[in-house]
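Engineer: Here it is: the structure, laid out below.
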Amino acid sequence: MKQNKVVFDQVAGQPVYKLSLTNANQLTLSCLSYGAAWYELKIPTAHGAQNLLLNFGDIGAYQKTNPYLGMTIGRVAGRIGGGQFKIGANAYQVPTNEGDNTLHGGPHGFNTVNWESKISANQIIFSHRFRSQDDGFPGNLDVTVTYTLTDDNHVYIDYQALSDGLTVFNPTNHAYFNLNADDRDVRNHELYLNSPQHLALAADKIPTGKVIANAGTPYDFTKMTNLDQALAGLQDIPEKGLDDVFVLAPHQDNEPVAILRQPETQISVTMYAQRNGIVAFTANGFGPDQPYLDKTGCPYVGIALESQTVSNAIFDPDYGDLSMQAGETRHEQTHYQFDFPTPSK
Ligand code: GAL
């Protein structure tokens with residue numbers, strides 16, 4: 001596999017690296033050390049290489065407008081109401097960054113750090129020690145995020161964490177896909193989600209604890225559904241799009257949890273994960289102030305599909321256990337399969 005590591009930018013006087021792998025089919029995976037971010041997924045087409053991920057050209061843009069583009073998210077993806085949770089009898093308050101709530105790991109989350117980085121064979125490996133005194137979560141957490149590219153066009157993201165005290169862990173990746181070669185938004189894409197229900201959310205998007213059946217609503221993606229049609233059904237809600245936590249049906253490792261497809265070009269991404277939830281976010285409020293490299297910022301410019309444990313697990317053990325004991329190691333994985341027509345010579 002072809003490897004490349006170059007300096008992309010600087011943060012606080014330190015180099016931010018861009019690390020790339022190219023497989024036998026000329027598919028290129030690139031990541032940034034800042035935020036352990038997924039930067040590019042380039043496929044070969046008859047018209048040259050096409051990047052399927054939204055990205056910016058410099059770290060300043062990542063810091064200024066912060067849609068968490070491709071970033072590794074943790075310690076806890078999604079929102080923690082009031083920044084408060086319990087592990088057993090112990091109550092914790094963590095730093096808040098969205099009103100009174102904690103979003104995507106708070107103000108010192110995984111996305112705010114320039115990680116140690118290296119390339120080995122077909123893997124890009126990031127590691128960082130999140131000290132409790134720095135991010136405000138209990139326990140010091142040693143985290144490794146490994147991106148693996150295979151020669152059959154699969155990408156695996158593995159999250160490995162070891163804690164020295166009680167803590168919580170629910171990581172994800174915040175890549176936004178746009179499978180169009182031109183400047184169109186994702187409304188011409190089709191989406192499948194293996195999900196019968198989504199979470200009811202309060203006005204500040206904190207889960208209420210209730211779930212809503214998807215059948216017969218614009219949230220039903222159990223058959224491949226055109227996104228324009230689904231989004232048309234959401235124009236009377238304030239969000240005017242998807243920003244929702246979908247509860248997945250019980251599934252095997254080889255059953256997709258999500259499929260996103262561009263029907264004209266037959267480019268698709270299929271996601272597999274063991275976890276019980278996925279957030280689908282259609283970039284509803286995005287605008288032209290966001291300097292994407294290949295796209296004009298606008299509502300629906302991309303769709304983020306964030307595999308995770310359903311976010312109300314932070315207060316409802318029926319939806320999963322996010323807690324880790326001292327000395328415990330936790331491993332989570334998301335697997336993406338890319339399909340596209342072979343470019344004719
Ligand atoms: C999503 C979240 C959205 C928004 C987005 C980042 O995961 O659900 O509300 O915060 O991340 O722009």
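Engineer: What number of residues within region 66-95 satisfy the criterion of being touching an Asp or Glu at 6+ places or on another chain (Cβ under 8 Å), within 13 Å of the ligand (Cβ to nearest atom) and outside any loop (DSSP other than H, G, I, E, B)?
Structural biologist: Adding up the residues that qualify gives 2.
Engineer: Return the residue satisfying two criteria in turn: it lies in region 158-179 and is under 15 Å from the mean Cα position of the chain (by Cα) and assigned to a strand (DSSP E or B), and of such residues it is farthest from the ligand (Cβ to nearest atom).
Structural biologist: Among them, the one singled out is Asp158.
Engineer: Which one is farthest from the ligand (Cβ to nearest atom), of the residues in region 222-251 that are in contact with a helix residue (DSSP H, G or I) (Cβ under 9 Å, 6 or more places away or on another chain) and in a loop (DSSP other than H, G, I, E, B)?
Structural biologist: Lys240
Engineer: Here's a follow-up. Report the residue count in region 98-107 for those that are crowded, with 18+ Cβ neighbours inside 10 Å and in a loop (DSSP other than H, G, I, E, B).
Structural biologist: Counting residues in region 98-107 that are crowded, with 18+ Cβ neighbours inside 10 Å and in a loop (DSSP other than H, G, I, E, B) gives 3.
Engineer: Within region 308-330, can one find any residue that is over 30 Å from Leu166 (Cβ atoms) and either of a type outside the set (S, T, N, Q) or surrounded by fewer than 14 Cβ atoms within 10 Å (Cβ to Cβ) (or both)?
Structural biologist: No, the conditions are met nowhere in region 308-330.
Engineer: Residue check, Tyr300 against (1) buried (at least 21 other Cβ atoms within 10 Å of the Cβ); (2) touching a strand residue (DSSP E or B) at 6+ places or on another chain (Cβ under 7 Å), all met but one. Which one?
Structural biologist: (2)
Engineer: Read through the list (1) more than 16 Å from the ligand (Cβ to nearest atom); (2) among the basic types (Lys, Arg); (3) in contact with a strand residue (DSSP E or B) (Cβ under 7 Å, 6 or more places away or on another chain), then give the number of the only condition that Arg131 fails.
Structural biologist: Arg131 satisfies all of (1) more than 16 Å from the ligand (Cβ to nearest atom); (2) among the basic types (Lys, Arg); (3) in contact with a strand residue (DSSP E or B) (Cβ under 7 Å, 6 or more places away or on another chain) except (3).
Engineer: Continuing with this model, one more query. For Asn90, state whether it is out of contact with any Lys or Arg (no Cβ under 7 Å at 6 or more places or on another chain) and within 21 Å of Ala37 (Cβ to Cβ).
Structural biologist: no
Engineer: Pairs please, first residue from region 84-104 and more than 24 Å from Gln325 (Cβ to Cβ), second anywhere and more than 16 Å from the ligand (Cβ to nearest atom), Cβ atoms under 7 Å, 6+ apart in sequence or on different chains.
Structural biologist: Asp100/Gly82; Asn101/Gly82
Engineer: Pick out the one residue from Arg330, Arg275, Arg261 that is of a type in the set (Lys, Arg), in a loop (DSSP other than H, G, I, E, B) and either closer than 22 Å to Lys42 by Cα or more than 14 Å from the ligand (Cβ to nearest atom) (or both).
Structural biologist: Just one listed residue meets the conditions, Arg275.
Engineer: Select from region 292-308 the residues that are away from the ligand (no atom under 14 Å from the Cβ) and modelled with pLDDT of 95 or more and write down the one among them that is nearest to Asp58 (Cα to Cα).
Structural biologist: Applying the filter and picking the extreme gives Leu293.
Engineer: Looking for whichever is closer than 30 Å to Phe137 by Cα and either in a loop (DSSP other than H, G, I, E, B) or free of Cβ contacts under 8 Å to residues at least 40 places away in the same chain (or both) here; the options are Ala283, Ala313. Which one fits?
Structural biologist: One residue alone meets the criteria, Ala283.
Engineer: Quick one: how many residues across region 313-345 are farther than 30 Å from Ser268 by Cβ and among the polar types (S, T, N, Q)?
Structural biologist: 3
The values are calculated or read from the model by the stated rules, or taken from the named source; none is laboratory data. From a predicted model like this one, the values you see are computed outputs, not experimental measurements. Here the Cβ is made from the backbone with ideal geometry for all residues, glycine too, and neighbour counts use every protein chain on show.
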